[in-house]
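Structure record follows, encoded as structure tokens.
The values are calculated or read from the model by the stated rules, or taken from the named source; none is laboratory data. Remember, it's a predicted structure, so these values are computed and weren't measured experimentally. Cβ coordinates were reconstructed from backbone atoms using ideal geometry, including for glycine residues, and neighbour counts include every protein chain displayed.
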Amino acid sequence: MQKTSLYLALSAIITLGGCGTYVPEIQDFGDSATGDISRAGQLYVSNIVESIRCEVRNAVYDLYNQEAQTPSGAGLKQIAFLDTWAAQITLNLTVDEKGVVAPTSNILPIGQPKNWIFNLGLGASGSSEAQRIDKVSFIYPVSDLKKYRCQTRPNGAFLEASDLKFKEWLYDAVDLEGQELVHYPSNSNGPLKQNVLYYEVKFDVITTGSVSPGWKLVNATINQTGTFLTASRERTHDLQITFGPATLTPANPKDPKSPKTLQLSNAAANTALAGEIGTAVANAINQQFTANPFFPF
């Protein structure tokens, strides 16, 4: 029993001690039995992208289907501006792993006189941190999204299968046009090309583990106070969806016949860029002010 407990403690120390000393895996769990961890990461990212694509596609399809039910197609006329719009989706997956080691000991010198009261306290600490940022950005024309509905979605947590409430937001935003509170342009070169719809969702999940083995010897006590080893893993998943007027622009501006790419209007593109900058700044600030479990001030 004692050997088993010792093995478990040593295994936990080795596992936690590696945090922050190597590039972390993007997924929380992998098929370590077969060693195919990279495949698990690929499936994890592809499931997230597929889930987001389905969420956006279903929201757009349901919107057009609902408006088509209105008398004389009045609803479709109100959302006609979306026919020339596009949705740019930007996904940031950030994984941050930290490890802190802080052993302590209290030593009673051998041979000191009985009337002396002297002990020597020793302590040390070390920390490591590794951060991984995966980013992917893609764009879909609304004319493509409205064609059909996704029948199934991947299973999982957070961005993999969560209801992101995007449909609710899209309906509310488009309804402003129907109430004549705002006017969305259909032409990216029109006088109101600054109009843009923007939606952002963020998940921030932190897990922490610690190990505190202790020993008592005749002339020393080791690690009787404090935490010997602490490890943490923080996952920040940030999703930004930007809707705006879009145009097909030649890849080479000097050659009008060059292959064309779908691009958002300047205002929509700038909004998407501002969202990415905001995410980067927020992550940087979070790293600066995340409390160390041993030095929380």
- request: Determine whether residue 164 is within 14 Å of the chain's Cα centre (by Cα), over 30 Å from residue 102 (Cα atoms) and either at pLDDT 70 or above or not hydrophobic (A, V, I, L, M, F, W, C) (or both).
  value: yes
field: In the stretch 253-287, the residues that are exposed (fewer than 11 other Cβ atoms within 10 Å of the Cβ), of a type outside the set (Lys, Arg) and more than 26 Å from residue 201 (Cβ to Cβ)
entry: 253, 255, 256, 259
- line: Restricted to the stretch 287-297 and to residues being hydrophobic (A, V, I, L, M, F, W, C) and assigned to a loop (DSSP other than H, G, I, E, B), the residue modelled with the lowest pLDDT is 297
task: Hand me the list of helices (runs of 4 or more DSSP H) wholly inside the stretch 1-100 holding 2 or more residues that are more than 22 Å from the chain's Cα centre (by Cα) and modelled with pLDDT under 85.
output: 2-17, 74-78
message: I'd like the residue in the stretch 134-166 that is aliphatic (A, V, I, L, M) and either in a helix (DSSP H, G or I) or touching a residue at least 60 places away in the same chain (Cβ under 8 Å) (or both) and, out of all such residues, is farthest from residue 89 (Cα to Cα).
response: 161
